[in-house]
Amino acid sequence: MIARLFVTLLIVAMLGLFSSCEEESPFSPNQPGALEKGGQNAGTGNITAMTWNVYVGADVDAILAAPPDQIPFVVGGAFADLYDTDFHLRAVAIVDQIAEHNPHLIALQEISLIRIQIPGDFMIGNPVAAEQIEFDYLDILIAELASRGLDYEVGAKVQNADVELPMLNPFTYSLDDVRLTDYDVVLVRGDVAFDNPTAVNYGTFLSVPVPFMPPMDILRGYAAVDATVG
(Lines give C-alpha, C1' and ligand atoms only; values in the text may rest on other atoms or scores of the structure.)
Protein backbone atom coordinates (compact mmCIF):
# COMPACT_ATOMS: atom_id res chain seq x y z
CA MET A 1 0.00 0.00 0.00
CA ILE A 2 1.39 3.37 -1.02
CA ALA A 3 0.28 6.56 0.63
CA ARG A 4 1.43 10.13 0.31
CA LEU A 5 0.93 11.68 3.71
CA PHE A 6 1.18 15.35 4.46
CA VAL A 7 1.34 16.74 7.96
CA THR A 8 -1.57 18.94 7.03
CA LEU A 9 -3.40 15.62 7.29
CA LEU A 10 -1.55 14.55 10.39
CA ILE A 11 -1.89 17.84 12.22
CA VAL A 12 -5.05 19.36 10.79
CA ALA A 13 -7.23 16.46 9.70
CA MET A 14 -6.40 14.13 12.56
CA LEU A 15 -6.72 16.86 15.15
CA GLY A 16 -10.10 17.69 13.68
CA LEU A 17 -11.19 14.05 13.74
CA PHE A 18 -10.02 13.14 17.19
CA SER A 19 -9.68 16.09 19.59
CA SER A 20 -8.49 19.45 18.42
CA CYS A 21 -7.09 22.05 20.79
CA GLU A 22 -10.01 24.24 21.81
CA GLU A 23 -8.14 26.99 23.63
CA GLU A 24 -7.08 30.08 21.70
CA SER A 25 -3.65 30.30 23.33
CA PRO A 26 -0.78 30.15 20.83
CA PHE A 27 0.97 27.58 23.00
CA SER A 28 -1.26 25.81 25.55
CA PRO A 29 -3.25 22.70 24.55
CA ASN A 30 -6.70 21.96 25.93
CA GLN A 31 -5.47 18.73 27.50
CA PRO A 32 -1.68 18.81 27.76
CA GLY A 33 -0.05 15.70 26.39
CA ALA A 34 -3.31 14.04 25.32
CA LEU A 35 -2.76 11.14 22.91
CA GLU A 36 -4.47 11.29 19.58
CA LYS A 37 -4.09 8.36 17.21
CA GLY A 38 -5.52 7.12 13.97
CA GLY A 39 -5.62 3.90 12.00
CA GLN A 40 -4.80 0.57 13.60
CA ASN A 41 -1.70 -0.91 15.16
CA ALA A 42 1.19 -1.27 12.74
CA GLY A 43 1.43 -4.64 11.11
CA THR A 44 -2.26 -4.87 10.11
CA GLY A 45 -1.62 -3.55 6.60
CA ASN A 46 -2.91 -0.09 7.44
CA ILE A 47 -1.14 3.21 7.90
CA THR A 48 -0.74 4.15 11.53
CA ALA A 49 -0.12 7.76 12.48
CA MET A 50 0.08 9.40 15.89
CA THR A 51 -0.16 13.08 16.76
CA TRP A 52 0.82 14.55 20.11
CA ASN A 53 0.72 18.08 21.47
CA VAL A 54 3.83 17.94 23.64
CA TYR A 55 3.11 21.18 25.58
CA VAL A 56 5.88 23.33 26.98
CA GLY A 57 4.95 22.58 30.60
CA ALA A 58 4.14 26.08 31.88
CA ASP A 59 1.34 28.64 31.64
CA VAL A 60 2.39 30.85 28.76
CA ASP A 61 -0.95 32.66 28.84
CA ALA A 62 -0.04 34.11 32.24
CA ILE A 63 3.11 35.60 30.72
CA LEU A 64 1.24 37.14 27.80
CA ALA A 65 -1.29 38.66 30.22
CA ALA A 66 1.23 39.97 32.77
CA PRO A 67 1.82 43.71 33.26
CA PRO A 68 5.28 44.73 32.00
CA ASP A 69 6.70 45.26 35.50
CA GLN A 70 5.64 41.74 36.50
CA ILE A 71 7.04 39.86 33.51
CA PRO A 72 10.38 38.84 35.12
CA PHE A 73 8.52 37.38 38.11
CA VAL A 74 5.87 35.55 36.06
CA VAL A 75 8.50 34.23 33.63
CA GLY A 76 10.59 33.04 36.59
CA GLY A 77 7.57 31.15 37.92
CA ALA A 78 7.01 29.56 34.53
CA PHE A 79 10.68 28.55 34.40
CA ALA A 80 10.27 26.79 37.76
CA ASP A 81 7.19 25.02 36.37
CA LEU A 82 9.35 23.46 33.65
CA TYR A 83 11.16 21.51 36.35
CA ASP A 84 7.92 20.55 38.11
CA THR A 85 6.44 19.26 34.83
CA ASP A 86 9.74 17.49 34.07
CA PHE A 87 9.80 16.63 30.37
CA HIS A 88 12.19 13.75 30.97
CA LEU A 89 9.35 11.99 32.82
CA ARG A 90 6.71 13.06 30.32
CA ALA A 91 8.87 11.73 27.48
CA VAL A 92 8.78 8.30 29.11
CA ALA A 93 4.97 8.36 29.02
CA ILE A 94 4.91 9.52 25.40
CA VAL A 95 7.30 6.78 24.33
CA ASP A 96 5.20 4.22 26.23
CA GLN A 97 2.37 5.04 23.82
CA ILE A 98 4.65 5.05 20.80
CA ALA A 99 5.98 1.62 21.78
CA GLU A 100 2.43 0.30 22.18
CA HIS A 101 1.13 1.56 18.82
CA ASN A 102 4.34 1.54 16.74
CA PRO A 103 3.09 4.23 14.32
CA HIS A 104 4.62 4.76 10.92
CA LEU A 105 4.60 8.54 11.39
CA ILE A 106 4.33 10.82 14.40
CA ALA A 107 3.27 14.48 14.26
CA LEU A 108 4.54 16.44 17.26
CA GLN A 109 3.26 19.90 18.07
CA GLU A 110 4.87 22.35 20.50
CA ILE A 111 8.28 20.75 20.69
CA SER A 112 10.25 23.20 22.82
CA LEU A 113 13.87 24.24 22.97
CA ILE A 114 14.52 26.18 26.20
CA ARG A 115 17.71 28.24 26.41
CA ILE A 116 18.94 30.62 29.10
CA GLN A 117 21.45 33.43 29.46
CA ILE A 118 23.16 34.13 32.80
CA PRO A 119 23.26 37.02 33.44
CA GLY A 120 20.60 38.25 31.05
CA ASP A 121 20.90 41.24 28.76
CA PHE A 122 17.24 41.75 27.83
CA MET A 123 17.00 44.94 29.88
CA ILE A 124 19.77 46.56 27.82
CA GLY A 125 18.24 45.70 24.47
CA ASN A 126 18.95 41.95 24.25
CA PRO A 127 22.05 42.32 22.01
CA VAL A 128 22.98 38.63 22.42
CA ALA A 129 20.38 35.85 22.22
CA ALA A 130 20.32 33.15 24.91
CA GLU A 131 22.14 30.00 23.73
CA GLN A 132 22.75 27.84 26.84
CA ILE A 133 20.46 24.84 26.43
CA GLU A 134 18.37 24.00 29.47
CA PHE A 135 15.83 21.64 27.87
CA ASP A 136 15.78 20.26 24.33
CA TYR A 137 12.50 18.35 24.12
CA LEU A 138 13.27 16.79 20.74
CA ASP A 139 16.65 15.46 21.87
CA ILE A 140 15.11 14.13 25.09
CA LEU A 141 12.35 12.33 23.18
CA ILE A 142 14.69 10.89 20.54
CA ALA A 143 17.02 9.63 23.28
CA GLU A 144 14.12 7.93 25.06
CA LEU A 145 13.01 6.30 21.81
CA ALA A 146 16.54 5.04 21.16
CA SER A 147 16.81 3.66 24.69
CA ARG A 148 13.81 1.43 23.92
CA GLY A 149 15.21 0.29 20.59
CA LEU A 150 12.60 2.32 18.67
CA ASP A 151 13.97 3.61 15.37
CA TYR A 152 12.56 7.01 14.41
CA GLU A 153 14.15 9.93 12.63
CA VAL A 154 13.17 13.54 12.07
CA GLY A 155 11.48 13.74 8.68
CA ALA A 156 10.63 17.43 8.79
CA LYS A 157 10.79 20.24 11.34
CA VAL A 158 9.51 23.80 11.24
CA GLN A 159 10.61 26.53 13.64
CA ASN A 160 7.73 28.65 14.84
CA ALA A 161 7.86 31.17 17.69
CA ASP A 162 11.27 32.20 19.01
CA VAL A 163 10.76 34.35 22.10
CA GLU A 164 13.21 35.62 24.71
CA LEU A 165 12.19 37.38 27.93
CA PRO A 166 13.80 38.42 31.21
CA MET A 167 13.20 36.36 34.34
CA LEU A 168 13.95 36.50 38.00
CA ASN A 169 15.66 33.12 38.21
CA PRO A 170 13.74 31.13 40.85
CA PHE A 171 16.85 29.14 41.78
CA THR A 172 19.56 31.83 41.88
CA TYR A 173 17.44 35.00 42.24
CA SER A 174 19.53 36.61 39.51
CA LEU A 175 18.05 38.55 36.59
CA ASP A 176 18.56 36.19 33.66
CA ASP A 177 17.01 35.66 30.24
CA VAL A 178 15.08 32.62 29.08
CA ARG A 179 14.34 31.82 25.44
CA LEU A 180 11.64 29.53 24.10
CA THR A 181 11.87 28.28 20.53
CA ASP A 182 8.85 26.28 19.39
CA TYR A 183 8.81 23.61 16.67
CA ASP A 184 6.42 21.25 14.93
CA VAL A 185 8.09 17.99 13.96
CA VAL A 186 7.34 14.88 11.92
CA LEU A 187 9.04 11.69 13.07
CA VAL A 188 9.26 8.84 10.57
CA ARG A 189 9.75 5.20 11.52
CA GLY A 190 13.03 3.74 10.31
CA ASP A 191 11.45 1.32 7.81
CA VAL A 192 9.30 4.00 6.14
CA ALA A 193 10.65 5.66 3.00
CA PHE A 194 9.99 9.38 2.71
CA ASP A 195 11.02 12.44 0.74
CA ASN A 196 10.03 16.03 0.04
CA PRO A 197 10.38 17.35 3.61
CA THR A 198 8.57 20.67 3.90
CA ALA A 199 8.58 23.35 6.60
CA VAL A 200 6.35 26.42 6.24
CA ASN A 201 5.35 29.29 8.53
CA TYR A 202 1.89 30.76 8.05
CA GLY A 203 1.76 34.33 6.78
CA THR A 204 -0.67 35.35 9.54
CA PHE A 205 0.65 35.41 13.09
CA LEU A 206 0.08 36.93 16.52
CA SER A 207 2.19 40.00 17.31
CA VAL A 208 2.45 40.90 21.01
CA PRO A 209 3.61 44.40 22.02
CA VAL A 210 6.69 44.48 24.28
CA PRO A 211 7.54 47.73 26.11
CA PHE A 212 10.68 49.43 24.75
CA MET A 213 11.29 46.52 22.35
CA PRO A 214 10.08 45.40 18.91
CA PRO A 215 6.82 43.41 18.96
CA MET A 216 7.07 39.72 19.88
CA ASP A 217 5.87 37.71 16.87
CA ILE A 218 4.28 34.33 17.66
CA LEU A 219 4.74 32.37 14.44
CA ARG A 220 2.96 29.10 13.71
CA GLY A 221 3.43 26.71 10.83
CA TYR A 222 3.45 23.14 9.61
CA ALA A 223 5.89 20.44 8.62
CA ALA A 224 5.21 17.76 6.01
CA VAL A 225 6.70 14.74 4.31
CA ASP A 226 5.71 12.43 1.48
CA ALA A 227 5.84 8.90 2.91
CA THR A 228 5.61 5.49 1.27
CA VAL A 229 4.22 2.75 3.50
CA GLY A 230 4.03 -0.87 2.52
| Can you tell me which of 116, 140 is without any contact (Cβ under 8 Å) to a residue 60 or more places away in the chain and either in contact with a helix residue (DSSP H, G or I) (Cβ under 6 Å, 6 or more places away or on another chain) or farther than 12 Å from residue 54 by Cβ (or both)? | 140
| task | Just one of (1) closer than 14 Å to residue 105 by Cβ; (2) under 21 Å from the mean Cα position of the chain (by Cα) trips up residue 178, so point out which. | result | (1)
| Going through region 112-151 one residue at a time, which ones are among the polar types (S, T, N, Q) and buried (at least 16 other Cβ atoms within 10 Å of the Cβ)? | 112, 117, 126
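Looking only at strands (runs of 3 or more DSSP E) that lie completely in region 116-219, which have at least 1 residues being among the hydrophobic types (A, V, I, L, M, F, W, C) and at pLDDT 95 or above?
132-136, 152-168, 175-189, 193-201
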| message | I'm trying to understand the selection: among the residues of region 75-111, which are part of a loop (DSSP other than H, G, I, E, B), exposed (fewer than 15 other Cβ atoms within 10 Å of the Cβ) and touching an Asp or Glu at 6+ places or on another chain (Cβ under 9 Å)? | response | none
| query | Could we say that residue 89 is touching a residue at least 24 places away in the same chain (Cβ under 8 Å), over 17 Å from residue 174 (Cβ atoms) and not β-branched (Val, Ile, Thr) here? | reply | no
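The values are calculated or read from the model by the stated rules, or taken from the named source; none is laboratory data. Only a predicted model underlies this, so the values are computations on that prediction, with no experimental measurement involved. Cβ atoms come from the backbone with ideal geometry, glycine included; neighbour counts cover every protein chain shown.
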